[in-house]
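Trainee: Here it is, the structure, as structure tokens.
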Amino acid sequence: MYKLLNAAFFRLKKNKIFYFIIVIMMGMALFTLYSRYADEIKYIEYNLPTTNLKSTDRLLIDNVLIIGFLMSLFTSLFVGTEYSDGVIRNKIIAGHKRANMYMSNFILSVVVGVMIEIIYLLIVASIGIPMFGSIQIPVSEFLLILLDIFMMIVSYAAIFTFISLICSNITTSTVLCLLLTLAMMVIAVLQTPGDEILNMIPAGQAMQISWLAYRECANISILWIYSLGITLIINSIGIYIFNKKELK
Amino acid sequence: MEYILETEALDKKYKQFKAIDDLNMHIPKGAIYGLIGKNGAGKTTLIRLICGLQKPTSGKYMIYGIPNTDKQITKVRKRIGAIVETPAIRIDATAEDNLKEQYKILGLPSLDNLKDILKLVGLSETGKKKARNFSLGMKQRLGIAIALVGEPDFLILDEPINGLDPEGIIEIRELILRLNKEKGITFLISSHYLDELSKIATHYGFLNKGKIIQEISKKKLEENCRKRIEVKVNNMKECIYYLEENKLSYEIKNNGKINIYDMINISEFVVALSKRNCIIEEFNEKEESLENYYMNLIGGGSNV
């Protein structure tokens, strides 16, 4: 497993999609901060109370809806290239177990997802806190939200790794990943708060986290458990199918 | 004889279609084993099974004596390098980066012989050029270079000269011969370019409809294919006396015919036999190419 991860990270360092999604996430962080700043200018101009503006903790979770799209793009293209370049064959011939190959791709996808999230958090926190004030919600609650976000990233990674490794065609897997992300988002939008399905799909969790600034969300203490469940189930099924898969 | 690869009654079914059917095969150590078969004969399927990309429906294969059902098979596969159908290379990376990734996949701590491998396959001057800009021959050689990382002693090449120009074909041929001679690497090469294969192979396996219909050494094949006169006579004993007396190389075939391999004066031969009351009933001059030999084996057909 270590060898596979070492090879994957070597490849990651030179991967253009990886840098592309980092740039997108950095852009998103800067745009979020600029929007908040522009709002503040307007509020002051019209003598409105700035207390109604987004707090820094809200800014820190403003990106949750976009993470799925970025991860679907990265995972499907990065993992899918294993098939299109044929390097997956080199790994099998080199004596690696299929379960290890599956898990190394999953771990890499998790690491990249966590990495872009941290980049976003660092940019928004380092500029947002000095400019717009500190986090207003209790730290324990904020940490729980962060746990939910990171576990949501893990569950996204499980879903996209599954599709990318079970479907041997890179174009098909990329389209499937993006469409699934979109479909999950549409399903989440169509639900009303409290619907169980919102807990069971990562996009639904993202939606609930994004609502936090406007309404109470009692689910923050359990969302990570749903993510864990999604991850365990999908990874188990994925490894089982990948073990049986006839590779070309 | 020590075999690198053996198969026993190997089967591979895709639904109702038998791609590999009761296949038995033996690749001796140090051989360049030419796997010959027309398109769809099962060459690539067989290679996929050996490489562990797919599992046999029944039967077994052994690599270095370890059966595919043994857990040790994944470890043994580390001694194999392979190109299945197309070279497995990162087209957006340089030749050196492709090799570096393979070093990491294999967990090799040092990149010491990386330059040597690139030099061996003639890619040491490619610098920062991405593999996507390589010619087909260069991509094929890069695929071989990747397969060589980890110093395997068994290389499997699936149609290595497909789509190559004459220069590329020569490059690959010379590389295979050099690796076999200098490093003692055993090769399994599948191809339907029989003439090209005949320039390098030391052993042949003829594959048809998923079965190995014959395994034969180059020496034996050359004997079978060499120029000869095939005669059928009414008095075999006298004919053999004549051949022995004149120290001519011959072989008695199962079908009652005699193959004479030395050059003879036909008029003298006919007269001499006639004097011994031996009448020639059939007389044919024969010389077979590998292609004809294969066609005769599979009983005609096309697309070879």
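The values are calculated or read from the model by the stated rules, or taken from the named source; none is laboratory data. Nothing here was measured: the structure is a model prediction, and the numbers come from that model. Note that each Cβ is placed from the backbone with ideal geometry, even for glycine, and that neighbours are counted across all protein chains shown. When the accessible area is computed, the model is the full protein with side chains, heavy atoms only, and any ligands, DNA or RNA have been set aside. Shrake-Rupley method; radii C 1.70, N 1.55, O 1.52, S 1.80 Å.
Trainee: Please report the relative contact order for the stretch B:173-304, taking Cα pairs under 8 Å with a sequence separation of at least 6, and give it as a percent rounded to a whole number. Write down the numbers at each step before the final one.
Mentor: On the way: 143 pairs, mean separation 35.6, N = 132.
Computed over the stretch B:173-304, the figure is 27 percent.
Trainee: Let me ask another. Using modelled backbone amide H atoms (1.01 Å from N, in-plane), which distant-in-sequence or interchain residues come within less than 5 Å of B:Ile32's amide H?
Mentor: B:Phe187, B:Thr202, B:His203
Trainee: Related question: State the percentage of accessible surface on the protein assembly as shown attributable to carbon and sulfur atoms; use a 1.4 Å probe and exclude ligands, DNA and RNA. Write down the numbers at each step before the final one.
Mentor: Values: 14600 of 25850 Å².
Solvent-exposed carbon and sulfur of the protein assembly as shown make up 56 percent of the total.
Trainee: Hey, what's the Kirkwood Rh for the stretch A:1-121 if you take every pair of different alpha carbons, in angstrom?
Mentor: Values: mean 1/r = 0.0600 Å⁻¹.
That comes to 16.7 Å for the stretch A:1-121.
Trainee: Which of the GluC sites (Glu not before Pro) found in the stretch B:49-150 are in a DSSP loop and have at most 14 neighbouring Cβ atoms, other than their own, within 10 Å? Walk me through the intermediate numbers first.
Mentor: Numbers: sites: B:Glu85, B:Glu96, B:Glu101, B:Glu125; in loops: B:Glu85, B:Glu125.
Loop-located and lightly packed - B:Glu125.
Trainee: List the lysines whose Cα sits under 24 Å from the Cα of B:Lys227, skipping any in the same chain fewer than 8 residues away.
Mentor: B:Lys199, B:Lys218, B:Lys219, B:Lys237, B:Lys247, B:Lys253, B:Lys257, B:Lys286
Trainee: Moving on. Please calculate how many Å² of accessible area chain B carries per residue, with a 1.4 Å probe and no DNA, RNA or ligand atoms counted. Numbers along the way, then the final one.
Mentor: Numbers: 14690 Å² over 304 residues.
About 48 Å² of surface per residue is accessible.
Trainee: Take the cross-link list B:Lys75/B:Lys220; B:Lys13/B:Lys78; A:Lys245/B:Lys181; B:Lys100/B:Lys181 and give me the ones stretching past 32 Å between alpha-carbons. Each step should come with its number before you reach the end.
Mentor: Details: B:Lys75/B:Lys220 35 Å; B:Lys13/B:Lys78 27 Å; A:Lys245/B:Lys181 37 Å; B:Lys100/B:Lys181 26 Å.
Distance filter (> 32 Å) returns B:Lys75/B:Lys220; A:Lys245/B:Lys181.
Trainee: Go through A:71-82, B:3-14, A:142-153 and give me the packing order, highest mean Cβ count within 10 Å leading.
Mentor: Working: A:71-82: 24.5, B:3-14: 18.4, A:142-153: 20.0.
In descending order of packing, they fall as A:71-82, A:142-153, B:3-14.
Trainee: Taking the Cα centre of each part, how many Å lie between the stretch B:38-100 and the stretch B:161-221?
Mentor: If we compute the Cα centre of each part, the gap is 17 Å.
Trainee: I want to check a number: in the stretch A:2-244, how many lysine pairs have alpha carbons closer than 24 Å, given a sequence separation of 8 or more or different chains?
Mentor: Lysine pair count for the stretch A:2-244: 12.
Trainee: Indicate the residues belonging to the stretch B:90-109 that lose 50 Å² or more of solvent-accessible heavy-atom surface (probe 1.4 Å) upon moving from the chain alone to the assembly of all protein chains, ignoring ligands and nucleic acids.
Mentor: At a threshold of 50 Å² (probe 1.4 Å), the residues of the stretch B:90-109 that become less exposed are B:Arg90, B:Asp97, B:Glu101, B:Lys104, B:Ile105.
Trainee: Run the numbers for A:Ala38 and A:Glu246: contour at 0.36 nm per residue of separation, minus the present Cα-Cα distance, in nm. Each step should come with its number before you reach the end.
Mentor: Numbers: separation 208, 0.36 × 208 = 74.88 nm, distance 5.54 nm.
The A:Ala38-A:Glu246 span can extend by a further 69.3 nm.
Trainee: Let me know the mean shielding of A:90-103 by other chains, meaning the per-residue number of their Cβ atoms within 10 Å of its Cβ.
Mentor: Numbers: counts 17, 4, 9, 18, 13, 14, 7, 1, 2, 0, 0, 0, 0, 0.
Mean partner-chain Cβ count within 10 Å for A:90-103: 6.
Trainee: Sum -39500 (n - 2.57) across every DSSP H segment of at least 4 residues in chain B, then divide by the residue count to get the 222 nm mean residue ellipticity, nearest 500. Provide the component values of the computation, followed by the final result.
Mentor: Numbers: 11 runs with 105 residues, N = 304.
So the calculated ellipticity at 222 nm is -10000 deg cm²/dmol.
Trainee: Nearest 100 Å², what total accessible surface is buried between chain B and chain A (probe 1.4 Å)?
Mentor: On the way: alone 15920 and 12430 Å², together 25850 Å².
Buried area (both sides, nearest 100 Å²): 2500 Å².
Trainee: Moving on to the next point. For the stretch A:2-244, what is the relative contact order in percent, using Cα pairs closer than 8 Å and at least 6 residues apart in sequence?
Mentor: Value for the stretch A:2-244: 28 percent.
Trainee: Find the accessible area per residue for the stretch A:2-244; the probe is 1.4 Å, ligands and nucleic acids are left out, and the unit is Å².
Mentor: On a per-residue basis, the stretch A:2-244 sits at 45 Å².
Trainee: Quick check: the distance between the Cα centres of the stretch B:251-283 and the stretch A:80-127, to the nearest angstrom?
Mentor: Measuring centre to centre over Cα atoms gives 74 Å.
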